[in-house]
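Notes follow once the structure below has been shown.
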Amino acid sequence: MSNYHEPADELSQEARNFSRALNSLKEEIEAVDWYHQRVVTCNDPDLAGIMAHNRDEEIEHACMTLEWLRRNMPGWDEELRNWLFKEGDIMGAHNHDHDDDHDHQAGKSDSLGIGKIKK
């Protein structure tokens, strides 16, 4: 069965590569979940250690794929830079960004409407 939601022959090679990467990322994250569940329920420390190692390998694979997406698929770089490796309340920052968008759309902003300046 195909992972494509549109006719495959209408998708560019680039779109197919994005789909490959996204599906691989989903599979790696699913494998992390499977291994982690096995680790926390295993009563044999040696086996749990092996499965923890396998889980961590899957995390590495997911991160490598995520980095490929960041470098190649539009939108990923900006969003990852906005959300990763930040301190504080995740949802607080998310809600603040949406408040700024709402204020701007409602004409309540002092902004000139040219977007945020990033360092």
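The values are calculated or read from the model by the stated rules, or taken from the named source; none is laboratory data. Note that the structure is predicted; figures quoted are calculated from it, not measured. As a convention, Cβ positions derive from the backbone with ideal geometry for all residues, glycine included, and neighbour counts pool all protein chains shown.
Annotations for the structure displayed:
- Just so you know, in segment 68-119 the residues that are closer than 30 Å to Arg16 by Cα and either at pLDDT below 90 or in contact with a helix residue (DSSP H, G or I) (Cβ under 6 Å, 6 or more places away or on another chain) (or both) include one that is surrounded by the most Cβ atoms within 10 Å (Cβ to Cβ), and it is Leu69.
- Any chance Leu22 is assigned to a helix (DSSP H, G or I) and either polar (S, T, N, Q) or out of contact with any helix residue (DSSP H, G or I) (no Cβ under 8 Å at 6 or more places or on another chain) (or both): no
- Some residue of segment 37-60 being touching a Leu at 6+ places or on another chain (Cβ under 8 Å), of a type in the set (A, V, I, L, M), surrounded by 13 or more Cβ atoms within 10 Å (Cβ to Cβ) and modelled with pLDDT of 95 or more: no
- Looking across segment 38-56, just one residue is more than 22 Å from Leu66 (Cβ to Cβ), part of a helix (DSSP H, G or I) and polar (S, T, N, Q), and that is Thr41.
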